[in-house]
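The values are calculated or read from the model by the stated rules, or taken from the named source; none is laboratory data. Worth saying up front: this structure is predicted, and the values here are computed from it rather than measured. Neighbour counts run over all protein chains shown; Cβ positions are idealised from the backbone, glycine included. For the accessible areas, the whole protein counts, side chains as well, though only heavy atoms, and no ligand, DNA or RNA atoms are used. Shrake-Rupley method; radii C 1.70, N 1.55, O 1.52, S 1.80 Å.
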Amino acid sequence: MNKIPLPPYDDAGAFLTLSNNHLLASYPQLQAVVGTVQSSYAHYVAARGAPLLVLQPVGDNVAKFLKGHYSSPPTDLAHITEMRESSEHLVCPMCGSMHSGTLDHYLPKNGFPTFAIFSKNLVPACKCNSKRKETLTGASPNERVLHPYFDECLGERLVRAQFDDLGDVPRVSLSLMIPNTHPHHSAISFHVRSIVQRSALRKYLADRWSSLFRKPSLVVRALGKNVATAAELDEILENERDALDDLHRGKNNWNSIFVSGLLQPPVVIWLTARLSVPGREPDSPLG
Ligand SMILES: [Zn+2]
């Protein structure tokens, strides 16, 4: 999960240019919907992409053209190609995995074809977004998938790893870091259940733990040396977590989620006991 900047493109202008491109099969059909689509774009931004508030005004024929233009963007929609190429290597804003890999839709293009080529509806994402299929909202009114361009709460620290039965293979789960009174608790909890819990995050966290257990410096460089106290370890882990937040431009990338789990007091105590054994060879296994 990550809050990312709103794409800077002029979608209304691009749609007008697209509608006037007589070389495309969609000419002249798109011309009849320019006003409708442009006002839908403005409405989308005003409603901050809220799935139940966004209107769906185009017919099947126009929908087919728009989906086609998304799949093979003509030059009038160069921003789609640019967005695809510029974000693959960044943290997935939907689940927090370390690579996005593809460009996808927030409001799915089948249910919401009006926004099939709308830059503010196009989000970089990994496989997690196709796994959610058309899921957008839950049973209660406040349950919904978070929007990487509009939900500021994605910039807060929302989840951490939870390690239990500490040893070489601990039990790994996820824990929400927000109080029940958080104004967006239902949406955050729904997003985590619908997208993050279904991703490979728990396997990733288990794998990181396994590397940490075998050779601590592989995961936290500063743990290549022994530590003397829990306070010292706490400081090392906080520095590591803050550096990861900074590097990955957000607090909910999988590496920050891992280190936030290490910072839980029972884990700090457990790790300190192993990293402070007299005569321990630095960076040796924790077992
Ligand atoms: Zn993802």
Mean shadow area (nm²) of the C-alpha convex hull around the range 152-275 is 7.6
Once the in-chain neighbours fewer than 8 apart are removed, the lysines whose Cα is under 22 Å from Lys64 read Lys109, Lys120, Lys133
Looking only at lysines whose Cα falls under 16 Å of Lys225's and that sit 8 or more positions away or on another chain, we get Lys215
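Averaged over all directions, how much area does the convex hull of the C-alpha atoms of the range 11-131 cover when projected, in nm²?
7.1
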Long-range amide H partners of Arg144, meaning residues 5 or more apart or on another chain whose placed amide H is closer than 5 Å, are Gly138, Ala187, Phe190, His191
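Using only helices, what value at 222 nm comes out for the chain when you add -39,500 (n - 2.57) per DSSP H run of length 4 or more and divide by the total residues, to the nearest 500 deg cm²/dmol?
Counting only the DSSP helices, I get -11000 deg cm²/dmol.
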Rounded to whole Å², per residue accessible area for the range 11-131 with a 1.4 Å probe reads 43
Counting only residues 5 or more apart in sequence or on a different chain, those whose built amide H sits under 5 Å from that of Gln162 are Ser173, Leu174, Ser175
The ³J(HN,Hα) series, computed from each phi in the range 255-269 with the Karplus coefficients 6.51, -1.76 and 1.60 at θ = phi - 60°, rounded to the nearest Hz and given as x for glycine or proline, is 6, 5, 4, 5, 5, 4, x, 5, 6, 5, x, x, 6, 4, 5
With a 1.4 angstrom probe the carbon and sulfur portion of accessible area for the chain, in percent, totals 54
Here the cysteines of the chain without any disulfide-compatible Cβ partner under 4.7 Å are Cys153
Once amide hydrogens are built 1.01 Å from N within the peptide plane, the residues lying 5 or more places from His105 or on another chain with amide H under 5 Å from its amide H are Val123
Phi angles of the range 172-183, converted by Karplus (6.51 cos²θ - 1.76 cosθ + 1.60, θ = phi - 60°) into ³J(HN,Hα) in whole Hz with x for Gly and Pro, give 10, 9, 10, 10, 6, 9, 9, x, 4, 8, 4, x
Label model pair Ser86, Gln264: point-to-point distance (7 angstrom along the Cα→beta-carbon line) in nm is 3.9
Heavy-atom accessible area of Ser276, protein chains in place, probe 1.4 angstrom, given in Å² to nearest 10, is 50
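What FRET efficiency would be calculated for the residue pair Thr137, Thr102, taking the C-beta separation as r and a Förster radius of 22 Å, to the nearest 0.05? Write out the running numbers ahead of the final one.
On the way: r = 23 Å, r/R0 = 1.05.
Approximately 0.40, to the nearest 0.05.
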With all protein chains present and a 1.4 Å probe, the order of Ile269, Ile4 from largest accessible area down is Ile269, Ile4
Phi-derived 3J(HN,Hα) across the range 70-85 with the Karplus relation (6.51, -1.76, 1.60, θ = phi - 60°), rounded Hz, x for Gly and Pro, is 5, 5, 10, x, x, 4, 4, 10, 4, 4, 5, 4, 4, 5, 4, 7
tail above 27 Å in the computed P(r) of the chain, as % of all Cα-Cα pairs, reads 48
